[in-house]
Amino acid sequence: DVKVTQSSRYLVKRTGEKVFLECVQDMDHENMFWYRQDPGLGLRLIYFSYDVKMKEKGDIPEGYSVSREKKERFSLILESASTNQTSMYLCASSPNTRTGFRNTIYFGEGSWLTVV
Amino acid sequence: GQQVMQIPQYQHVQEGEDFTTYCNSSTTLSNIQWYKQRPGGHPVFLIQLVKSGEVKKQKRLTFQFGEAKKNSSLHITATQTTDVGTYFCAGRNAGGTSYGKLTFGQGTILTVHP
């Protein structure tokens, strides 16, 4: 089974702090994603990466950055956390569709971040 | 950019009643996926539809993809308490990059009263 592991399940941070959310997948997937989930807004894509050291902005990248130094690891960084970044953050991975594999997205358990 | 709208946002049913959620895209999709998120859990893949007019069934769940590949629906027959959760559709733009980027709908939260 595919496993996507997010390092922290619950975090409480202060406004202005730098926050790191770590994600590791064990299926050698090319693509990795960071979403945030808010009531009534569904899942919104923050950033995605289709290869090591490659990244693309999603729909709501402002206030976030990402790092992908190794294929299995994708980190989300909040340079200066703000209260409007209180949310649930979901990491996900999928194989590269160009190879013809089923391109299901596999999600981690989620990280609940509260910024006070 | 691509938008995927999902309705209704909430649905409360009595156990045994049917339930349907609808998904509409502003652009033509290459495929659409459906996910279920149990309360407190993370989204889990249910199914993918690729062909125009495609209909797939999983036990009491019926998934349809519209002829124009711009809309989809999920219908649950005779709901059970185990069906509780949020159902998301997610569409991939036709002609877009093949990197796997999906646009999710807002989700429908289903509550089933025993």
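Once both labels are positioned 7 Å from their Cα atoms along Cα-to-Cβ, the gap between residue B:26 and residue A:12 label points is 3.9 nm. Here chain B is treated as a Stokes sphere of Kirkwood radius computed over C-alpha pairs; at 37 °C and 0.692 mPa s its diffusion coefficient rounds to 233 µm²/s.
Couplings for region B:26-41, taken from phi via the Karplus curve 6.51 cos²θ - 1.76 cosθ + 1.60 with θ = phi - 60°, read 6, 10, 5, 9, 7, 7, 9, 10, 10, 10, 10, 10, 6, x, x, x Hz in order; Gly and Pro are left as x. Here the Karplus relation 6.51 cos²θ - 1.76 cosθ + 1.60, evaluated at θ = phi - 60°, turns the backbone of region B:48-63 into coupling constants of 10, 10, 10, 8, 4, x, 5, 10, 10, 10, 10, 6, 8, 9, 10, 10 Hz, with x for every Gly and Pro.
Counting only lysines at least 8 places from residue B:56 when in the same chain, those with an alpha carbon closer than 22 Å to its own are B:36, B:69, B:70.
From Cα pairs below 8 angstrom and at least 6 apart in sequence, can you work out the relative contact order of chain A, rounded to a whole percent?
Numbers: 304 pairs, mean separation 40.6, N = 116.
Computed over chain A, the figure is 35 percent.
For residue A:28, the accessible area of its heavy atoms, probed at 1.4 Å with every protein chain present, is near 100 square angstrom. Between the beta carbons of residue B:84 and residue B:58, assuming R0 = 22 Å, the FRET efficiency works out to 0.85 to the nearest 0.05.
Each Cα pair under 8 Å and six or more residues apart adds its separation to the average, and for chain B the resulting relative contact order is 37 percent.
Where the convex hull is taken over the Cα atoms of region B:33-90, what is its projected area averaged over directions, in nm²?
Directional mean of the projected Cα hull area for region B:33-90 stands at 3.9 nm².
Based on the Cα atoms of chain A, what semi-axes does the equivalent ellipsoid have, where each is the square root of 5 times one gyration tensor eigenvalue, given in whole Å with the largest first?
After scaling each eigenvalue by five and taking roots: 24, 14, 13 Å.
Diffusion coefficient (Stokes-Einstein, Kirkwood radius over C-alpha pairs, 20 °C, 1.002 mPa s) for the protein assembly as shown: 118 µm²/s, rounded to a whole number.
A cut-off of 5 Å between modelled amide H atoms, ignoring neighbours fewer than 5 places along the same chain, links residue B:17 with B:79.
The lysines whose alpha-carbon is closer than 17 Å to the alpha-carbon of residue A:71, local same-chain residues fewer than 8 away aside, are A:3, A:53, A:55.
The values are calculated or read from the model by the stated rules, or taken from the named source; none is laboratory data. The structure displayed is predicted, hence computed values, not measured ones. Counting neighbours? That spans all protein chains shown, and the Cβs are built from the backbone with ideal geometry, glycine included. In case anyone asks, the SASA skips ligands and DNA or RNA and just uses the protein heavy atoms, side chains included. Shrake-Rupley method; radii C 1.70, N 1.55, O 1.52, S 1.80 Å.
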